[in-house]
Structure formats: structure tokens, C-alpha cells
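Since the structure comes first, as C-alpha cells, the remarks are kept for the end.
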Amino acid sequence: MNKTDFKMGQKEPDLHINKPPEKKIWQKQGPFSLWYFIIMFLLFYLFQSSLQIKREEIPYSQFMQYLQAGQIAECVIKQNIIVGTLKLMDQKTGKPRRFVTIRLRDAQLVKALDQHGVKYTAAIESHFLSNLIFTWIIPFGLIFLLWSYLGKKMGSAGMNFLNIGKNKAHIHVDNLPKVTFKDAAGVDEAKQELREVVEFLRNPEHFQRLGGHMPKGVLLTGPPGTGKTLLARAVSGEAGVPFFNISGSDFIEMFVGVGAARVRDLFEQARKKAPCIIFIDELDAIGRQRGGPVVMGGHDEREQTLNQLLVEMDGFDSSKGVVVLSATNRPDVLDKALLRPGRFDRQIVVDKPDLQGRIEILKIHTRELILAPDVDLEIVAKRTPGFVGADLANVANEAAILAARKNRDAITTADFEAAIDRVIAGPEKKKTTLGPEEKHRVSYHESGHTLIAELVPTGEPVHKVSIIPRGIGALGYTLQLPEKEKFLATKKELMDQIAILLGGRVAEEIIFGDVSTGAQNDLERASEVARNMVCSYGMSEKMGPLTFGKKQTSLFLGTEYGQEKNYSEETAKEIDAEVKKIISTNYERVKNLLEENRPLLDALAKKLEEKEVLSGEEVEGIVKQA
Ligand code: ADP
Ligand code: MG
Ligand code: ZN
């Protein structure tokens, strides 16, 4: 993550925003800069050399000779050297000559000095200046240099030694394009709810006179990339109020207590600027349930920060016009205390966009692009079920880049197709093409999925099959395109889904007599569907319409992070048996289907191996010809 002083809300590089240049560490950085240091060092050096008195350096033997000759006026005996003046005059200056010599261990010296009537004293050598330079200035200089260097590497975070606890939240800078509700689409419900917040911020007193009651905290929840951060910025843009933006992870510092100090500071600043918005992005970074397992010692710090946040939220009066907006994609892990009345008591769900939403979002992100007349955004939207706003922005961007690379005047449908593939599976890896053996196998594997998808009753039509390796882990893929968006799945459909997932592995087994590791992900997904059918959807006749296990599933990410087992060991065995049965039933079904249609499978695989990518029509052509 790039921590710049200009961090405003969006972390993802937004195409249309010219980010202000990052501050260079060597440039102005308050009163304590490298130049001050260098100048000070030079001054010290000059000062010291001006203090130094010119002395002749003479050997000890010479010193003894002068002594014997009675030519020494006086001397000072130090630990390691003897300095003094001669009775001889310097020709140029007319002053007594000064000398310095290295002192030897000479027990007779004092006697000799007495004999010749030399005035002598002993003194402890003064190392003041060299001490200053060697033990203070140089080490500190080195530390400073090292630290600046590290600071440069880490961005402005390195400078935080100087302003620990100072706030990193920044007021909305106006040179960033103002974001309004027009820039977010497909999230109409969320916008509707946020309009109320905007109304309140525009005119807090008026709002209250009418009896409106404003919640202190509004929590935006939803999957990553759906536009939560965007919406928060839009609220500030619409209301025209300052925007204090800080990310949950910014609070977690290397020093204990800094996070809490930051929270205090943030609220203090905000109160001065009311009406305004405090936006805490990624709230889950500080707001995780307390009392969990200690992770890498960072636990105390987070708890302190969270406690401070709770204190601040309780302590301020929302009628003054400060609204705390917050966003997270893990509302399930938040500490319950955060969701109590008077804190983030209003939750707004920012969900994945539907077809119409995706069309609108694509319109927004292609506003400034030149599209060829044949481009139909509706088709692009149809091709991208499950895509969130950030993905779609990415698709538009990739399409523009691809078109530019091909020196086209406008972005074509083909560019969008390629862009979607890229976003789905990561950039195409032309270099790591499969060896002929592997290519043969992957062709059959993908053809297995494809053929089963075409053969089972509820299978959605295959839109595209590819054996071009992409990114890590995906050697090929079969893409099905639902004819319309589905929100429910029947048992039949789920069974067919499992069959399609198994298709790849079974095809490999039939053709090559053994299986490869390439089906791991397919099997994982098939097992998960089957387990859900038994445990969550009550679709197993034997187990009956019951659910088993209380899943702690994140509503939004669809990821499970734990399961509470609320059934007996025996039931567990039965569940396993049922899951196994569903899988094996389908396995048999797929095996029969593929064996019966072996000529089709061969034809598909041959064509796929040859062309590497088959479109839906091509697949249909082959399957229909039978
Ligand atoms: P989140 O905070 O929910 O993870 P962001 O707000 O950071 O998502 O979205 C990242 C980018 O994706 C935005 O800057 C915007 O360009 C695009 N985007 C996301 N959602 C939308 C949307 N609903 N409408 C338009 N653009 C969107
Ligand atoms: Mg975000
Ligand atoms: Zn597969």
C-alpha cells in the first residue's frame, strides 16, 4: 500500500485521477532537514579548526635536546603528548615557537625538567571537540541518514517518528475530482439511504428542527469493489463538507498507544470542522471482535484503538453535524459493541450489481472512451455476472489498453471480450504454453466439462472454452453464460452443476485411464455443492429437510470461516455417506453420458486442441452435428 500524504479515499488506481506527486523526503520536511544538518556540521568543523593553535610537531629526541640545551620555556604534560613553548622565537611572527611531541614513558622527565628550571604543569587532555564529533555528531548523523533512507523507502510512514500520534487523516483536497452519486451506479438502495445523510450534513439545524434524528455512525457493508469507498466520498461530494478519511489499517502502528491517540486526534479535528464526515475505511482492521486469539502481539494495540473509538463515538454529539461513515467487507467479524445503538447503528448494504446495474456502471466507466459502433454494453454486462464495480472499471480500462496497443481508433467488442477474459483469469500467459501431452489432456478435460454442460437438462449454454493457460492454477476454463440471472437453484440444477464439475475428471479417466491433479478445484467445488445440498438445503431424502451445522458464513463474501457442529458423530457419518452418494451417483451418470457420446467428446477435444479457444457457436455446431 502506498501511503502518501494525499491519500484520499480511493486506493485503487483510478484511471481518470492524476494523483498528486509524492513528496520527496529530501525536499522540505519541516525544520529538521538534511541540509540543516550538513550546515551545522560544517560550522562545527570550522569552529574547531579555528580554535586549533599552530604547533610544530617535533620528535621526542629533539624535545630532549631542547631540554638539555635549556631552550624550553614551559610545557604542559598530558596523558599522551607534551605541548609547550620554546625560548626560541619564530622568525615570521616574532612569538615564541610552540611545539608538540608524543610523550614517552620517561621516569626521568620530571627530574630533568626540574634541573633545567622549566615551568611545567600536567593536564588531562581535553577531548571535548573530538568527543563531540565522534561520539555525538557522527553517530547521530549516520542514524539520521539511515532513518531518512528507510523513511524514503517506506514512504511518509518513516517520518512518523517525528509526529507520532499526529493525525494521518486528511481533509478532502479540492484538486481531486469531486465524486458525486452520479459516479456510482447499480447501488440505488444504498444511495437512497445515504441521501438522508447528505441532507443532514447540508443543514444539520434545519434537519433537527423538523424532528430528524441522525444516527452517529453509518456502516457500509458489502463485497470488495462494490463502491463503498466511492459512495462515502460521494456523500462528502454531494454535501460539500470536509472529509476525514482514514483506513483502519492506518491505525495499527508499530507503537502501542499510537492508534488510540490517533482516534482521539481524528475526532478532535473533526469536531472543529463540523459539519463534516469521518470516514473509517476497512473498519474490520480495528473493529474485530476483542478477546480472540492473540495474533503476533498486535492484539493489545488493536484493542486499545477499538476502545478509544468506542469512547469517542459515545462521547460526541451527532447534532453538531459530525457523521462517522465506515466501510467493511467483513461485517461478520466486527465486535458487537460497535453495532450497538449510538455507534454504527445504521447499516447500509452495498451489494453486487445486477444486470441493469452493470450496464449503468459500464456506461460510467466508458464515458470518456471511444467505442466502436458495434459495441453493445448490454452484451458486455451479460457476459459479466458476478462482476463488481471495480471489476467492470477494470474491464473498461483493459479494453482501452488493448485497443490502444492494436492502434485502433475505437474500442471494439473483441477488445471487451479479451478484457473480460483477462479480468476473469488474469493476464494471458502466452509464454508458458502447455506441452503437447498436457495440451491433449487439458483439451479432453475441458471438453468433458463442455459436453456435460450441453448434455444435462438444466446445463447453461457454454459461452466459451479455452485451453490457453492463464495466471496461476488455471490451465483452461469452460465458461457458461446464464441466459438470465438466477437467484434460486433447484435440486436438479445443483445435481447438474455437480455433473458438469465432474465432467473434466471423468473425461480424463475415460481417455487416459488415469487422472491428473488438474481436477482438484473441480472436485472441491463439487463436494461443496453436495455438502450444502445435504447440510444447508435439506435436499437429501435420507436426511430429510433439516439443516446441519451452524455455518458461520460471511453473508457477503460467501466464505466460510468456521462451522459449529450441532449434530452427533453418528449424524456426521450419515452426512458424509449422503454427500458421497450424491457425488458417486453423478460420477456414474457423467461416465455413462461421456461413454455414450464418445465421438462428440473426441470431436470437441480435437477441435479445441487445434484452435485453443472455441466459442459457444462452435461448440454448438459440433454437438448438434451428432
Ligand atoms: P470498495 O470500497 O467497496 O471495495 P471502491 O469504492 O474502492 O470499492 O471501488 C473501487 C473502484 O471501482 C471505484 O473507484 C470505481 O471506479 C469502481 N466502482 C466500484 N463500484 C462502483 C459503482 N457502483 N459504480 C461505479 N463505479 C464503481
Ligand atoms: Mg474500499
Ligand atoms: Zn476442470
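Some observations on this one:
- Remark: residue 556 matches the filter, which requires a residue to be at pLDDT below 90, within 16 Å of ligand 2 (Cβ to nearest atom) and part of a loop (DSSP other than H, G, I, E, B).
- Of residues in region 356-381 being in a helix (DSSP H, G or I) and surrounded by fewer than 15 Cβ atoms within 10 Å (Cβ to Cβ), the one farthest from ligand 3 (Cβ to nearest atom): 363
- Test: residue 337 is in a helix (DSSP H, G or I) and within 16 Å of ligand 1 (Cβ to nearest atom): no
- Of residues in region 387-410 being part of a loop (DSSP other than H, G, I, E, B) and over 22 Å from the mean Cα position of the chain (by Cα), the one nearest to residue 185 (Cα to Cα): 410
- Test: residue 199 is modelled with pLDDT under 85 and of a type in the set (Asp, Glu): no
- Residue count, region 78-104 (criterion: aliphatic (A, V, I, L, M) and either farther than 15 Å from residue 62 by Cβ or part of a loop (DSSP other than H, G, I, E, B) (or both)): 2
- When we screen 349, 388 for residues that are surrounded by fewer than 19 Cβ atoms within 10 Å (Cβ to Cβ) and within 16 Å of ligand 2 (Cβ to nearest atom), the only hit is 349.
- Where helices (runs of 4 or more DSSP H) fall wholly inside region 208-272, the ranges with 2 or more residues that are within 16 Å of ligand 2 (Cβ to nearest atom) and at pLDDT 80 or above are 228-239.
- The lone exception for residue 348 - which of (1) assigned to a loop (DSSP other than H, G, I, E, B); (2) in contact (Cβ under 8 Å) with a residue 60 or more places away in the chain; (3) not charged (D, E, K, R) it fails: (1)
- Restricted to region 442-471, and to residues there that are part of a strand (DSSP E or B) and more than 21 Å from residue 512 (Cα to Cα), the residue that is farthest from ligand 2 (Cβ to nearest atom) is 462.
- Scanning region 283-318 for residues that are small (Gly, Ala, Ser) and either within 16 Å of ligand 3 (Cβ to nearest atom) or at pLDDT 75 or above (or both) returns 285, 287, 315.
The values are calculated or read from the model by the stated rules, or taken from the named source; none is laboratory data. Everything numeric here is computed off the predicted structure, so don't read it as measured data. Using ideal geometry, Cβ is built from the backbone for each residue, glycine included, and neighbour counts are taken over all protein chains shown.
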